[in-house]
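A short write-up of the structure that comes next.
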Amino acid sequence: MHKHFREIAVTCLLSLSTLRLHAQSAPASPDKAWNNPTAEQSLNKQLSSLPEAKYSLDPAKAYTLAELIDLAEQHNPETRLAWQQAKARAAALGIARGALFPTLAAVAVGNTSRVQIFFNTEFVRQTYGIFEPELHVEYLIFDFGGRGGAIDAAKASLLAANLAFNNTHLKIIFQVTSAYYHLLNAIGQMDAAEANLKNAQAVEEDSQDRLDHGLATKPDVLEAAAATAQAQYDLQTVVGAEEIARGDLATALGLPPQTTYHVQDVNELKMPAELAESVDVAIDRAFEQRPDLKAQLAQLRADNATIKQAKSRYYPTLNFSGDGGLTREYGQQEQLPPGYVGSEVWNVDLELRWTLFDGGRREHEIAQAKAQKAATLAEINSLRDQIANEVWTAYSNLRTAQRQQQAAAALLASADQSYSAARESYGYGVRNLLDVVSAQKTLAQARTEDVIARTQLLLQVANLAFRTGDLLAVPPKAGP
């Protein structure tokens, strides 16, 4: 028997030791990474079981910017997060409004007791039981604005959450727009690099043909081959940039970065016209439209409501409570037969409560609420300055981008004519190969600058619309 108990004890100790080995604990030392395969496998299993929102794009369709924005607003997880936060604020408002109504509860009380009652010269045992089904009512009749302040604060918080939801959409729109134009820039540069490579290969073939016919020298062919190799290198560089830009846009759409899709060609987009409004008009419009600034103003309302709620605690409250129902009672005494009785029962209380002293708690609550309001005002002023600076910078960048695009277009036209003339002159023997290679490099640079200038102009237009809040009012629609 003792041996049997000893085996059980050893088994329990071993089990406890195993549990301690597998239990989660802090890292053993500061110089090594924490490692718990069991816990990590459990988390990985939990992650794989979570639902994942999936959708697909038509690989044969060339998506416009407006279509991509619609997809991002539907599927980007940040919009769902902001939506759920706004729904939580709406529920909080419902909770605050519920305090305006009485609370009604159904109560059933059952009790049995046995006591000794002193009667004359002896104790008599008495047993009785009670069962009472009843309704209980509680109602705060008046509180000098406490509930009203809570409701106003909840309303303002809901308004701020809704504006934060709009601000999330504004950010998502600009994120997609920015990624879209960066992708167009990468695609345009890749197209330009491919055209440059073809030009370089044509010059190399031409130089080789002229060498074969005794019209060129070996250094001419080597120079042309070097230009071709450089063009090939430049092409591979922009191919990698295009892959990264494509992954960035896919991520903004809520898709895996390796998703295959096509977008509208940059050559199909119309360049924006000159700015017709002043920067002051743009800044004023930003103050009227930016949801993050409006959210701060809503927070200021919530702070005022919180101050009102805190001040109401200096005043009394008037409460009503009552119970009403039926009672069924059973009683028995020694030497006597048991008895049953039933009747109606009710109880009503009207309470006027006034806190006279609380150790300064109410005073500090008001001070805290006022400090929070002052902080919100400072944030509003800071945000106004930030918005004005952002619009000013975006406005200046847009005007610069417009001038750069015009200059890049003129440069491309000039470089194209210069390259054509150099090729033609080289064919007649008037120009040497170095002149052709130089003109070809200039044309390659001009093509790249033209693509950068066009996409940069489109991006700066979107940036100004983002800083003023125009993107939320009228999402951009790419195309003629």
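Where a number appears in this text, it was derived from the coordinates with a stated rule and is not lab data. Since the structure is predicted, the reported quantities are computational estimates derived from the model, not experimental observations. Virtual Cβ from ideal backbone geometry, glycine too; neighbours counted across all protein chains shown.
Across the chain, where is the longest run that never hits chymotrypsin sites (Phe, Trp or Tyr not before Pro) in a DSSP loop with at most 13 other C-beta atoms within 10 Å? The answer is 56-353. Within the set [x] 31.5; [y] 23.4; [z] 26.6, the number that Kirkwood radius over Cα pairs in Å takes when calculated for this structure is listed as [x].
Partners of residue 311 within straight-line reach, counting lysines whose Cα lies under 27 Å from its Cα and excluding those fewer than 8 residues away in the same chain: 155, 294, 370, 373.
Considering the options 439, 72, 375, tell which one lies farthest towards the positive end of the dipole of the chain, charges being +1 on Lys and Arg and -1 on Asp and Glu at the Cβ, about the Cα centre. It is 375.
When all alpha-carbon pairs of the stretch 32-151 are counted, what percent fall beyond 24 Å?
Working: 5151 of 7140 pairs.
Here the long-distance tail beyond 24 Å is 72 percent of all Cα pairs in the stretch 32-151.
Other residues with beta-carbon under 12 Å from the beta-carbon of residue 100 carry, at +1 per Lys or Arg and -1 per Asp or Glu, a net charge of +1.
Think of the stretch 287-359 as having a plus end and a minus end, set by charges on the Cβ of Lys, Arg, Asp and Glu; of 342, 322, 357, 357 sits farthest toward the positive end of this dipole.
For the stretch 267-318, state which GluC sites (Glu not before Pro) are in a DSSP loop and have at most 16 other beta carbons lying within 10 Å of their beta carbon.
Working: sites: 268, 274, 277, 288; in loops: 274, 277.
The qualifying sites are 274, 277.
Suppose every Lys and Arg Cβ carries +1 and every Asp and Glu Cβ carries -1, with no other charges. What dipole size does the stretch 406-480 come out with about its Cα centre, to the nearest 20 debye?
Working: 7 positive and 6 negative charges, 26 e Å.
Here the size comes out at about 120 debye.
With the alpha-carbon atoms as the only input, what is the per residue convex hull volume for the stretch 371-480 in Å³? Don't skip to the answer; put the middle values down first.
Details: hull volume 12.2 nm³, N = 110.
Enclosed volume per residue, from the Cα hull, is 111 Å³.
Can you give me the relative contact order of the chain as a percent, contacts being Cα pairs under 8 Å and 6 or more apart? With pairs under 8 Å counted, the relative contact order is 23 percent.
The charge dipole of the chain, taken about the Cα centre with unit charges on the Cβ atoms of Lys, Arg (+1) and Asp, Glu (-1), comes to about 1480 debye, rounded to the nearest 20. Simple rule: put +1 on each Lys or Arg Cβ and -1 on each Asp or Glu Cβ in the stretch 92-219, find the dipole, and look at 203, 151, 190; the Cα lying farthest toward the positive end is 151.
Suppose we flag trypsin sites (Lys or Arg not before Pro) only when DSSP calls them loop and at most 13 other Cβ atoms lie within 10 Å. Which is the longest uninterrupted stretch of the chain?
Values: sites that count: 32, 54, 61, 270, 477.
Result for the longest clean stretch: 62-269.
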